[in-house]
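All remarks here apply to the structure that follows.
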Amino acid sequence: MSENRRTSELGRFGETVVCERLGQNGYSCNYLGCTNRCFDIEAYKDGQKFLFSVKARNHTTYRGDIKKDYYNLFFSRKPGDPYAVVNAALEIARGRSATPMWAAVRVDTARQRFDIYYGRVIDLPDKRYIPMGPSDRLKHLKLAQGELDPRINPMWSNVKRKSAA
């Protein structure tokens with residue numbers, strides 16, 4: 001499986017399970033597809049509108065170690081204003097009268113399990129990143145923890161396999 005396909009399928013799975021779990025928690029959801037450069041899901045609950053940026057990642061690094069650092073949220077690799085994407089995202093949410101939210105889906109492909117953490121963008125210390133270290137994950141709100149899902153494809157693993165010599 002190509003790297004692009006792997007990450008695309010993992011990302012789509014993340015968006016799907018976030019919509020499903022939000023629905024189970026009283027939200028109605030619309031998938032935005034590629035129509036919005038910063039957000040993936042528009043959700044409503046109790047008369048309020050929310051825009052979610054979903055980040056689905058493997059729970060390990062490419063070496064197979066447990067991932068302990070942050071997930072990029074509104075991060076730009078282009079030179080210039082490092083907060084340009086953050087400001088664009090906040091402006092999109094403001095223009096749609098919505099609360100900007102994030103959801104991080106942490107996937108264990110070998111065990112076919114996932115966790116979902118979420119929160120308000122405004123509450124992040126640095127709006128470009130979602131802190132995902134062990135102590136950070138304890139503080140985040142959770143939509144799912146250790147959920148088994150047979151839709152998780154073991155081929156989505158990011159661990160690099162050693163080739164036989």
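The one condition from (1) in contact (Cβ under 8 Å) with a residue 24 or more places away in the chain; (2) out of contact with any Phe, Trp or Tyr (no Cβ under 7 Å at 6 or more places or on another chain); (3) in a helix (DSSP H, G or I) that Pro100 does not meet is (3). Looking across the stretch 1-26, just one residue is crowded, with 20+ Cβ neighbours inside 10 Å and without any contact (Cβ under 8 Å) to a residue 40 or more places away in the chain, and that is Cys19. For the stretch 66-87, which residues satisfy the criterion of being free of Cβ contacts under 8 Å to residues at least 40 places away in the same chain and either of a type in the set (Val, Ile, Thr) or part of a helix (DSSP H, G or I) (or both)? Answer for the stretch 66-87, where residues must be free of Cβ contacts under 8 Å to residues at least 40 places away in the same chain and either of a type in the set (Val, Ile, Thr) or part of a helix (DSSP H, G or I) (or both): Ile66, Ala84, Asn87. Against the list (1) within 18 Å of the chain's Cα centre (by Cα); (2) hydroxyl-bearing (Ser, Thr, Tyr); (3) at pLDDT below 95; (4) under 26 Å from Asp149 (Cα atoms), the condition Ser2 fails is (1). Taking the conditions (1) within 16 Å of the chain's Cα centre (by Cα); (2) exposed (fewer than 14 other Cβ atoms within 10 Å of the Cβ); (3) farther than 19 Å from Arg12 by Cα in turn, Val86 satisfies each one other than (2). When Asp40, Asp81, Asp69 are checked against the criterion of being under 18 Å from the mean Cα position of the chain (by Cα), surrounded by fewer than 14 Cβ atoms within 10 Å (Cβ to Cβ) and within 18 Å of Tyr129 (Cβ to Cβ), a single residue qualifies: Asp69. Residues in the stretch 66-115 that are touching a Leu at 6+ places or on another chain (Cβ under 8 Å), among the aliphatic types (A, V, I, L, M) and within 25 Å of Ser157 (Cα to Cα): Leu73, Ala103, Val107. When Arg94, Arg63, Arg111 are screened for being out of contact with any Cys (no Cβ under 8 Å at 6 or more places or on another chain), basic (Lys, Arg), in a helix (DSSP H, G or I) and surrounded by fewer than 17 Cβ atoms within 10 Å (Cβ to Cβ), only Arg94 passes.
Within the stretch 114-164, being among the hydrophobic types (A, V, I, L, M, F, W, C), surrounded by fewer than 17 Cβ atoms within 10 Å (Cβ to Cβ) and in a loop (DSSP other than H, G, I, E, B) holds for Val159, Ala164.
The values are calculated or read from the model by the stated rules, or taken from the named source; none is laboratory data. None of these values were measured; they are calculated from a predicted model. All Cβ positions, even for glycine, are placed from backbone atoms using ideal geometry, and neighbour counts span all protein chains on display.
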